[in-house]
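Heads up: the structure comes next, in structure tokens.
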Amino acid sequence: MQMLVTGAAGFMGSWLVDTLVAQGHDVIGVDNLSGGYVRNINPKSRFILGDLRDPKVCELATKGADVVYHLAAYAAEGQSVFSFDMINDINISSTNRLLTAAVNNNVKKVVFTSSMAVYGDAPTPMHEDLPRAPVDPYGWGKAYGEGLLESCNKAFGLDYTIIRPHNVYGPRQNMADFSRNVVAIFINRVMKGMPPLIYGDGEQTRAFSYIADVAPAIAHAGLVDKTNSHIINVGSEEVTSVKSLAHLVLKTFGSAIEPTHHPERPNEVKHAHCTTAKSEKLLGYKTNHPLIIGVANMVEWAKRLGPKSVKYGLPIQITKNAPPAWLNRVL
Ligand SMILES: NC(=O)c1ccc[n+]([C@@H]2O[C@H](COP(=O)([O-])OP(=O)(O)OC[C@H]3O[C@@H](n4cnc5c(N)ncnc54)[C@H](O)[C@@H]3O)[C@@H](O)[C@H]2O)c1
């Protein structure tokens, strides 16, 4: 089958391309390299360097595609509170242009990586039947994408599956970003001899999920009809506090540094982890890599790559209540 993967040079997109190529599919990737890297592009795939906000790029990329996996996004949830104008402009415009081209080019199915941010601060474990109730602009952008797929399904018969991954980590994750991907940020800082920086008391809980477990489940969603019109959480059931994660990273490096704490961030959900039963049943998801193994693998990869300088990306458009460490660029 001909598969299009958006965000193909990014972390999850590149693992997904590898999975689909290994399964023998004809894979086209598209990415504007705003958050991805050329080194992540699978040489056995075809690659389009382009921005999904350009309708011509979407038209070219979707032509002949059977399934579109839409992963491209400026996935900065925490920063979206302060830069929602720019971030949601990128994410929502990209999804609009891509789905317009997908319908016009008769794509059969779209698999969309939404986020558990759509659940907001719902009680845990968050399950797929809960109403959409995001607490930040990134989550509202994802909720928009989900709703647009439902609309296109009703109007044009476009099949879809909505995936809500939770806290995915692993080799190839962007370590240079200042605000997203806590596992990568902790690893990058410890590699530089700096303490992990925790916002708040560190008792926030998450279920960090290893990419080698997550990518095959996302791939499967596009290959079977039984997932059509479903929302499916994808990720681990192993719940860990951010403080424990910081100590695990330090221990993996054999470091005696202690984490430092900064004030908590506005709108950060305290506890966020999801049910896994539906993904196990429909996608064959299984946690083969517990956190201790996944972090060890990622640290090995990070050591080979070496530490990265922090990049600040899009500007903080609203400075009110923004973490001082972000404004002062001292990360
Ligand atoms: N990593 C996680 O824990 C997680 C959890 C839930 C959902 N997600 C979602 O999964 C997807 C992939 O996340 P990731 O962690 O791999 O992020 P990533 O930043 O590594 O990958 C996203 C890719 O999209 C590209 N991109 C962004 N805007 C684009 C545009 N307008 N046109 C073309 N390319 C564009 C970037 O260059 C980047 O390579 C995102 O949609 C994200 O919101 C990720």
Please enumerate the residues belonging to the stretch 41-62 that are buried (at least 23 other Cβ atoms within 10 Å of the Cβ) and within 12 Å of the ligand (Cβ to nearest atom). 52, 58, 61
Of all residues in the stretch 129-177, count the ones that are in contact with a Lys or Arg (Cβ under 8 Å, 6 or more places away or on another chain), within 13 Å of the ligand (Cβ to nearest atom) and in a loop (DSSP other than H, G, I, E, B). 6
Considering every residue within the stretch 312-323, establish whether at least one is open to solvent by 70 Å² or more (accessible area, probe 1.4 Å) and not in a loop (DSSP other than H, G, I, E, B). no
Exception for residue 80 within (1) under 27 Å from residue 321 (Cα atoms); (2) open to solvent by 70 Å² or more (accessible area, probe 1.4 Å) falls at (2)
Failed criterion for residue 65 (all others in (1) within 13 Å of the ligand (Cβ to nearest atom); (2) in contact with a strand residue (DSSP E or B) (Cβ under 6 Å, 6 or more places away or on another chain) hold): (1)
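Residue check: is residue 218 assigned to a strand (DSSP E or B) and crowded, with 17+ Cβ neighbours inside 10 Å? Talk me through it step by step, then tell me what you get.
Numbers: assigned to a strand (DSSP E or B): no; crowded, with 17+ Cβ neighbours inside 10 Å: yes.
No.
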Could you count how many residues in the stretch 262-277 are touching a Phe, Trp or Tyr at 6+ places or on another chain (Cβ under 9 Å) and either among the acidic types (Asp, Glu) or surrounded by 16 or more Cβ atoms within 10 Å (Cβ to Cβ) (or both)? 7
Criterion (modelled with pLDDT of 95 or more, more than 8 Å from the ligand (Cβ to nearest atom) and not assigned by TED's automatic domain parsing to the domain that holds residue 267) met by exactly one of 38, 30: 38
Of all residues making up the stretch 179-198, the number that are surrounded by fewer than 21 Cβ atoms within 10 Å (Cβ to Cβ), more than 13 Å from the ligand (Cβ to nearest atom) and closer than 13 Å to residue 331 by Cβ: 4
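The values are calculated or read from the model by the stated rules, or taken from the named source; none is laboratory data. Quick caveat, the model's predicted, so the values are computed rather than measured. As a convention, Cβ positions derive from the backbone with ideal geometry for all residues, glycine included, and neighbour counts pool all protein chains shown. Note: accessible area is taken over every heavy atom of the protein model, side chains too, but ligands, DNA and RNA are not part of it. Shrake-Rupley method; radii C 1.70, N 1.55, O 1.52, S 1.80 Å.
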